[in-house]
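One structure is given here, and the rest of the page talks about it.
Since every read-out is calculated from the coordinates, none of them should be taken as a lab result. Please read these numbers as outputs of a predicted model, since none were measured by experiment. Cβ placement follows ideal geometry from the backbone for every residue including glycine, while neighbour counts extend to all protein chains displayed.
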Amino acid sequence: VISAAGLSATLHHLLSPADVERYMAAEMKFLRQVGEGVSCVCGSVGVNGTAEELNLPSSNLVWFPEEATEGHDMDEIIMKYRNKLLDFSVEDGFCFISFLSARDPAYTHLHPGTTSCFIMAEAAPEAYEQLNETLGGAHTERRTKAYKDTKKQLQTKLKNLLLKHFPQLEGRITSFDVSTPLSMYHYLKRFASYGLRQTPERFTHTLPRVGTAIRKFFLTGEDL
């Protein structure tokens, strides 16, 4: 059996607590030490017009609102703006923008006259843990009006960021679906979008490994 679900889902949901304690206690200890990785608010955007027509790049854009300097590095800038993502008085923010269809040669044949776009901003998972109850809760199927209103505000913030960098998209956006860390929790039972936290300690540790103490049970995927 091979698990590609990630270390957290494997230990918390695929294996029984007894098996984890007996065979993978070291992996569980490692998971608790390292913690979850990056959480994100994402926007999946539909655009009327081709990438060529709208002069959209096939490369990705990573935007830092401030210049990194000695004593004020990129990590600090990312942390500052991810903690302000839910502060809607702050218009700018660290973000990643990609026009995925611009580098897919088959896309124009399958979906002529359109472009797909993805925009992502880092979010503080602890903020969404605190918002569980007020915004409907990660464990609930139906979201509250407060949560839906927050998603609309996030949509506006991401849309404005997108138009700031690509003003030619004004009036061209046909759809804009937003997901939050609570969306991730609904499907994966975690707030992180990318598995384990990416730190020097995580990369230099001997765990996790492909092989495990459970006979014929192996790990693969994002955390290896």
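Details
- As a calculated quantity, the FRET efficiency between K152 and R215 at R0 = 41 Å, using C-beta atoms, amounts to about 0.20.
- A dipole drawn for the chain from +1 and -1 charges on Cβ atoms has a positive end, and of T144, V47, V178 the residue lying farthest that way is T144.
- Distance violations [Cα-Cα > 32 Å] among K29/K145; K29/K148; K84/K189; K151/K216; K29/K151: K29/K145; K29/K148; K151/K216; K29/K151
- The angle separating the long axis of helix 25-34 from the principal Cα axis of greatest extent in the chain is about 30 degrees.
- Kirkwood Rh, angstrom, the chain [1 / mean 1/r, Cα pairs]: 19.6
- Least to most buried among S39, S175, S44 (fewest other Cβ within 10 Å first): S175, S44, S39
- Inter-probe distance in nm under a simple model that places probes 7 Å from Cα toward Cβ, at K189 and R103: 3.4
- The relative contact order of the chain, computed from alpha carbon pairs under 8 Å that lie at least 6 residues apart in sequence, is 35 percent.
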